[in-house]
Amino acid sequence: MEARACLKYARISPRKVSIVLDLIRNKPVDLAMAILRHTPKAACEDLQKLLRSAMANAENNHNMDVSRLYVAQCYVSPGPILKRIRPSAHGRAFRVLKRTSHVTLVLKEKE
């Protein structure tokens, strides 16, 4: 039995999100929430909401015990890239890539 939550089209680079996901993988949910709360990274705020959502899904949809949950899987994949243009000297234009992420969090219960 597993509970999952997905965050689509987050406006943050997948590379930045994966750094934080590596910190919480295979940790109990209360420890993972504490890590996210005290890590000074931009992705932490969105991941806290995602973790809370996955915990609520586990409790309400699957009748799992929240105290026995742990982060079984967490991964990020790149979403669509917003392409913008930044003016430069001599009439040139440089492309700015604003990357997006799709984050998935899977919680399981310890036996």
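The values are calculated or read from the model by the stated rules, or taken from the named source; none is laboratory data. Please read these numbers as outputs of a predicted model, since none were measured by experiment. Counting neighbours? That spans all protein chains shown, and the Cβs are built from the backbone with ideal geometry, glycine included.
Among what's in region 53-111 and is of a type in the set (V, I, T) and part of a loop (DSSP other than H, G, I, E, B), pick the residue that is surrounded by the most Cβ atoms within 10 Å (Cβ to Cβ).
Let us first name the residues in region 53-111 that are of a type in the set (V, I, T), namely 66, 71, 76, 81, 85, 96, 100, 103-104, 106.
From what is left, the residues that are part of a loop (DSSP other than H, G, I, E, B) are 81, 100.
On the way: I81: 11, T100: 16.
Looking at residues that are of a type in the set (V, I, T) and part of a loop (DSSP other than H, G, I, E, B), I get T100.
I'd like the full set of residues that are loosely packed, with under 15 Cβ neighbours inside 10 Å and either aliphatic (A, V, I, L, M) or within 14 Å of L105 (Cα to Cα) (or both), limited to region 36-47.
The answer is A42, and nothing else.
Within region 4-15, take every residue that is at pLDDT 95 or above and surrounded by 15 or more Cβ atoms within 10 Å (Cβ to Cβ) and give me the one that is farthest from P80 (Cα to Cα).
Going through the qualifying residues, I end up with A5.
Pairs under 7 Å by beta carbon, first residue touching a residue at least 24 places away in the same chain (Cβ under 8 Å) and among the basic types (K, R) in region 18-41, partner surrounded by 13 or more Cβ atoms within 10 Å (Cβ to Cβ) and not in a helix (DSSP H, G or I), six or more apart or different chains?
As it stands, the answer is R25/V71; R25/C74; K27/Y70; K27/V71, since those pairs meet every condition given.
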